[in-house]
Amino acid sequence: MNLEELTSRLEGELARARSEIDKISDGDGLDELERSLLGKRSALSDVHQAIKDLAPEDRPAVGKAIGAFKEQVAGLIEARRAALGDGRGEAVDLLDLTLPGRGPGRGHLHLITQVQQELEDVFVGLGYEVAEGPEVETDFYNFEALNMPASHPARSMWDTLYVKLGRPEEVLLRTHTSPVQIRVMESQPPPVYTVMPGRCYRRDTLDARHSPVFHQIEGLVVDRGITFGDLAGTIDAFTRAYFGPGHTARLRPSYFPFTEPSAEFEVTCFACDGVGCSVCSKTGWIELGGCGMVDPNVFAAVGYDSERYTGFAFGFGLERMAMQRYGVEHIKAFFENDVRFLRHF
Ligand code: DAH
């Protein structure tokens, strides 16, 4: 046989195979036919023999043609098997192109972002606006304008991370959201009713309640005739709106350079309900932040008239709020990005 004869022989075999396959109506018959068409002792054995007698340069073409023939026959048999529905065509049956795909799964907002947005909503409901400021601040906004001139001992309350920019100790990662108070007042005259959420940084060692990166929400109210009673009432309204009616908050005298008088805002411990445990250092209370009446020196720094206006301010830690509300016992849970934790909320 020469090359041409071999090729036309293969064509004939294919036509024959097709008509034979079509005639078969059961799985076993197909198996048998498959063996006779493709098995070792198939009708093609003489073609295999003939390859040896071909010119070497013609052999690859015949090899290819035989490969193609086998593939086509196998395809025809498979299709017939599927059409007969004997169960062996499963692979074909299972490919249901109408099924929806398995997508990469939809994410959701991080718990801290959810808490931030919910708090914003509570305050917007009380008539506040929302403002933001930069995370990299200057000494002026983070300290100076907040009544903490250089060398003021109160600066050591914040373990500041300075950035190598400008004069030494001029540029820093903000240690709290309080500098945004200054930016808001610089940008508008009173009255002010604004909350300012954002990320803060301190050279803190990680423990259950401290992390070098954390979030706060700052609040500032400036208007005529604002008193400490307004501050206490606002904190109370907010505590009940956010934690639920059963929760109590208390204000404890404290010190901050930018408020006078100042207080710490505490709520009953979520872990022990006020009895005292390791989470709250046996006090029954968890400190969420600070607050107080805006110091007249702060008003002076932004050109507000402290004879006409008074105001209050507060700053709360968002992680602590979330820990309190959802019973999270270690702050690192918010930053580890363990998907089991993230999915939980
Ligand atoms: N900025 C303070 C801190 O990070 C918290 C704070 C205290 C904010 C009193 C205030 C305030 O607005 O009036 O520790």
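What nm distance separates the two modelled labels at residue 199 and residue 118, each placed 7 Å from Cα along Cα→Cβ?
My value for the distance between the label points is 2.2 nm.
Can you give the percent of C-alpha pairs in the range 192-268 whose distance is more than 19 Å?
So the portion of pairs separated by more than 19 Å is 51 percent.
When we measure straight from the Cα of residue 332, which aspartates and glutamates land under 20 angstrom away, once same-chain ones fewer than 8 places off are left out?
159, 204, 207, 287, 319
Once both labels are modelled 7 Å past Cα along the beta-carbon direction, what's the residue 94-residue 4 spacing in nm?
4.9 nm
Extension gain residue 28-residue 273, at 0.36 nm per residue separation less the Cα-Cα distance, in nm?
Details: separation 245, 0.36 × 245 = 88.20 nm, distance 7.45 nm.
Residue separation times 0.36 nm, minus the Cα-Cα distance, leaves 80.8 nm.
Write down the Kirkwood hydrodynamic radius of the range 1-110, to one decimal in angstroms, obtained as one divided by the mean of 1/r over all alpha carbon pairs.
Hydrodynamic radius (Kirkwood, Cα pairs) of the range 1-110 is 16.6 Å.
Taking the Cβ of residue 333 as the center, what net charge do the other residues with Cβ under 11 Å away carry, scoring Lys and Arg +1 and Asp and Glu -1?
Combined, the nearby Lys, Arg, Asp and Glu give -2.
Plugging the Kirkwood radius over Cα pairs into Stokes-Einstein for the range 137-232, at a temperature of 25 °C and a viscosity of 0.890 mPa s, what D comes out in µm²/s?
Using the Kirkwood radius from Cα pairs, D works out to 167 µm²/s.
Can you work out the FRET efficiency for the pair residue 164 and residue 140, with r the C-beta to C-beta distance and R0 = 25 Å, to the nearest 0.05?
My answer for the efficiency is 0.90.
Spit out the partnerless Cys residues in the chain, using Cβ distances under 4.7 Å as the pairing rule.
Among the cysteines of the chain, those whose Cβ sits 4.7 Å or more from every other are 200, 291.
Restricting to DSSP loop positions (anything but H, G, I, E, B) with no more than 13 other Cβ atoms inside 10 Å of their own Cβ, which trypsin sites (Lys or Arg not before Pro) remain in the range 244-331?
282, 308
What nm distance separates the two modelled labels at residue 340 and residue 51, each placed 7 Å from Cα along Cα→Cβ?
5.7 nm
Toward the positive end of the charge dipole of the range 191-255, about the Cα centre and with charges on Cβ (Lys, Arg +1; Asp, Glu -1), which of 255, 216, 205 goes farthest?
Highest projection toward the positive end goes to 205.
Quick one: grab Rg to one decimal and Dmax as a whole number for the range 81-211, Cα atoms only, in Å.
That works out to 27.1, 91 Å for Rg and Dmax.
Can you give the translational diffusion coefficient of the chain in µm²/s, computed by Stokes-Einstein from the Kirkwood radius over Cα pairs at 20 °C and 1.002 mPa s? Walk me through the numbers before you get to the answer.
Numbers: Rh = 26.4 Å.
My calculation gives 81 µm²/s for D.
Work out how much length residue 213 to residue 102 would gain on full extension: take 0.36 nm times their residue separation and subtract the Cα-Cα distance, in nm to one decimal. Before the final figure, lay out each step's value.
On the way: separation 111, 0.36 × 111 = 39.96 nm, distance 3.61 nm.
That works out to 36.3 nm of additional length.
In straight Cα distance, which lysines are under 23 Å from residue 70, not counting same-chain residues fewer than 8 positions off?
Here the lysines satisfying the reach criterion relative to residue 70 are 23, 40, 52.
Can you tell me the dipole magnitude for the range 178-227 around its Cα centre, using point charges on the Cβ only (Lys, Arg +1; Asp, Glu -1), in Debye to the nearest 20?
For this selection, approximately 100 debye.
Given 10 °C and 1.306 mPa s, compute D for the range 252-300 with the Stokes-Einstein relation, Rh being the Kirkwood radius over Cα pairs; round to the nearest whole µm²/s.
Working: Rh = 11.8 Å.
Taking Rh from Cα pairs, D becomes 135 µm²/s.
Would you mind working out the magnitude of the charge dipole of the range 6-77 relative to its Cα centre, with +1 at each Lys and Arg C-beta and -1 at each Asp and Glu C-beta, to the nearest 20 Debye?
The calculation lands at about 220 debye.
What ratio of Cα Rg to 2.2 N^0.38 Å holds for the range 279-333?
Numbers: Rg = 16.7 Å, N = 55, 2.2 N^0.38 = 10.1 Å.
Against the empirical 2.2 N^0.38 Å value, I get 1.66 for the range 279-333.
Compute the Kirkwood hydrodynamic radius of the range 200-345, taking the inverse of the mean of 1/r over all pairs of distinct Cα atoms, and give it in Å to one decimal.
16.6 Å
Give me the number: length gained by fully extending residue 110 to residue 38, i.e. 0.36 nm times residue separation minus the C-alpha to C-alpha distance, one decimal in nm.
Details: separation 72, 0.36 × 72 = 25.92 nm, distance 5.99 nm.
Using 0.36 nm per residue and subtracting the Cα-Cα distance, I get 19.9 nm.
Please list log₁₀ I(q)/I(0) at q = 0.16, 0.27, 0.30 Å⁻¹ for the range 109-169, using the Debye equation with identical point scatterers on the alpha-carbon positions.
At q = 0.16, 0.27, 0.30 Å⁻¹ the computed log10 ratios are -0.76, -1.08, -1.24.
Shape of the range 224-283 from its Cα gyration tensor (a ≥ b ≥ c, root eigenvalues): rounded if a/c is under 1.5, otherwise prolate when a/b > b/c, or oblate?
Values: a/c = 3.63, a/b = 1.50, b/c = 2.42.
Since a/c reaches 1.5 but b/c is at least a/b, the shape of the range 224-283 is classed as oblate.
Bear in mind these aren't lab numbers, they're just calculated from the coordinates by the rules spelled out. Just so it is clear, the model here is predicted, and its values are computed rather than measured. Ideal geometry is used to build each Cβ from the backbone, glycine not excepted, and the neighbour counts take in all protein chains shown.
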